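Have a look at the structure below before the remarks.
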Amino acid sequence: MIAILASAILLEPDMSAVAADAPVTERWFRRHAGLVRVTHWINVLCFTLLLMSGLQIFNAHPALYTGQQSDFGHPTLAIRARQSGLGVIGETMILGRSFDTTGVLGASREEGQLTPRAFPSWITVPSYQDLATGQRWHFFFAWLLVINGLAYLAWGFATSRFRRDLLPSGSQLRHIGAEILDHLRLRFPRGEAAKRYNVLQQLAYLIVVFVLFPLVILTGLTMSPGIDSALPQLLAIFGGRQTARLIHFVAASGLVLFVVVHLVMVLISGVWNNIRSMLTGWYDLGRPRRNDVG
């Protein structure tokens, strides 16, 4: 069923090039091709479960280090619980500085009482502590994400989409300051300007597609002893297994930040219009006006 649906969507004509040349009096614009929509929703599923299973794995040893070996006395980041006169306290330590994060990180409220746990149960898969199950979930969706990403990259290069849609022009880069101010004022493009990504979207997507996702994948492979035996160069590139784990965590946090900003922008710029365009491909440019040039 899924294969038939995917085949039907992939074979549908991509009308984006036609719509881009249409007059500004049009209202409906074909914003996303079929493969973009399919890979987007697969990414949503994969990233959600990778995040939740990854936090389950992190909870098994909630500390990060640099180098090849764990330096238990000097972690770069640690999330832990400790006893005090007031009871259990959650504590997050970053670069030697500690912060009280009781109730959120280190010690979360479970069944009415504070329980020592780096990340709370509601955000991990499974919800109870089970490293082996978390790893199985993580590895399965990691490979699904890789296959999905390769399909998207192959399509993007074959159709020149990356060059056409994601590479900012010199003019766009020169106006990046104005674009930032427009976003801070919640002024979003309309009409013809809404047909293309703005420079902030282009730079964000380039960083996600060509920096953060590759880092997450490569550092994940570096943490695998089996992969290390076949490709020991990965350990040298990332400065050891513990440094790779730290980079993996930071890159994944960068992806989480991107998703949060992305969701906020979707909500404030027109939630239904944005969701509809990612479900059907069609984006509503608004009431047609001949002089609406963004």
Report summary line: Scanning the stretch 170-183 for residues that are among the charged types (D, E, K, R) and closer than 24 Å to H32 by Cβ, the one surrounded by the fewest Cβ atoms within 10 Å (Cβ to Cβ) turns out to be D182
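Tell me, yes or no, whether the stretch 8-24 has at least one residue that is charged (D, E, K, R), open to solvent by less than 60 Å² (accessible area, probe 1.4 Å) and modelled with pLDDT under 80. Reasoning before the result, please.
Kept after step one, since they are charged (D, E, K, R), are these residues of the stretch 8-24: 12, 14, 21.
Right, trim to open to solvent by less than 60 Å² (accessible area, probe 1.4 Å) and you get 12.
Still in the running and modelled with pLDDT under 80: 12.
Yes, the stretch 8-24 has at least one match.
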Report task. Kindly provide the set of residues from the stretch 118-130 that are of a type in the set (F, W, Y) and crowded, with 18+ Cβ neighbours inside 10 Å, ordered by number. Result -> F119
Query raised in the report: For the stretch 67-103, what are the residues that are more than 25 Å from Q242 (Cα to Cα), open to solvent by 50 Å² or more (accessible area, probe 1.4 Å) and not in a strand (DSSP E or B)?
Result: G85, L86, T102
Report summary line: Matching residues in the stretch 94-140 (in contact with a Pro (Cβ under 7 Å, 6 or more places away or on another chain) and over 17 Å from L55 (Cβ atoms)) number 0
Report task. Please tell me if R117 is touching a Gly at 6+ places or on another chain (Cβ under 8 Å) and under 28 Å from S224 (Cβ atoms). Result -> yes
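Just checking, which of L257, L235 is modelled with pLDDT of 90 or more and open to solvent by 60 Å² or more (accessible area, probe 1.4 Å)?
On the way: L235 fails: open to solvent by 60 Å² or more (accessible area, probe 1.4 Å).
From the options L257, L235, the qualifying one is L257.
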Query raised in the report: Does the stretch 209-226 contain at least one residue that is closer than 26 Å to S269 by Cα, in contact with a Leu (Cβ under 7 Å, 6 or more places away or on another chain) and either in contact (Cβ under 8 Å) with a residue 24 or more places away in the chain or of a type outside the set (S, T, Y) (or both)?
Result: yes
Query raised in the report: When you look at A194, is it within 24 Å of the chain's Cα centre (by Cα), closer than 18 Å to H32 by Cβ and at pLDDT 90 or above, yes or no?
Result: no
Report task. Could you give me the residue pairs with C-beta distances under 8 Å whose first residue belongs to the stretch 65-77 and is closer than 22 Å to D100 by Cβ, whose second residue is open to solvent by less than 70 Å² (accessible area, probe 1.4 Å) and of a type in the set (F, W, Y) wherever it lies, and which are 6+ apart or on separate chains? Result -> H74/Y65; P75/Y65; T76/Y65; L77/F249
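To keep it simple, each residue is scored yes or no on (1) open to solvent by less than 50 Å² (accessible area, probe 1.4 Å); (2) not acidic (D, E).
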residue	(1), (2)
P168	yes, yes
R185	no, yes
R190	no, yes
P214	yes, yes
D228	yes, no
V261	no, yes
V264	no, yes
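May I ask you to verify whether L279 is within 23 Å of A33 (Cα to Cα), assigned to a helix (DSSP H, G or I), touching a residue at least 60 places away in the same chain (Cβ under 8 Å) and open to solvent by 50 Å² or more (accessible area, probe 1.4 Å)?
Values: within 23 Å of A33 (Cα to Cα): yes; assigned to a helix (DSSP H, G or I): yes; touching a residue at least 60 places away in the same chain (Cβ under 8 Å): yes; open to solvent by 50 Å² or more (accessible area, probe 1.4 Å): yes.
Spelling it out, L279 is indeed within 23 Å of A33 (Cα to Cα), assigned to a helix (DSSP H, G or I), touching a residue at least 60 places away in the same chain (Cβ under 8 Å) and open to solvent by 50 Å² or more (accessible area, probe 1.4 Å).
A quick yes/no check of all residues on (1) open to solvent by 60 Å² or more (accessible area, probe 1.4 Å); (2) in contact with a Ser or Thr (Cβ under 7 Å, 6 or more places away or on another chain); (3) without any contact (Cβ under 8 Å) to a residue 24 or more places away in the chain:
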{"residue": "G112", "(1), (2), (3)": "yes, no, yes"}
{"residue": "P116", "(1), (2), (3)": "yes, no, no"}
{"residue": "A132", "(1), (2), (3)": "no, no, yes"}
{"residue": "F140", "(1), (2), (3)": "yes, no, yes"}
{"residue": "G149", "(1), (2), (3)": "no, no, no"}
{"residue": "Y152", "(1), (2), (3)": "no, yes, no"}
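The values are calculated or read from the model by the stated rules, or taken from the named source; none is laboratory data. Because the structure is a prediction, the values reported are computed rather than measured. We place every Cβ from the backbone using ideal geometry, glycine too, and count neighbours over all the protein chains shown. Surface accessibility is based on the protein's heavy atoms, side chains included, excluding ligands, DNA and RNA. Shrake-Rupley method; radii C 1.70, N 1.55, O 1.52, S 1.80 Å.
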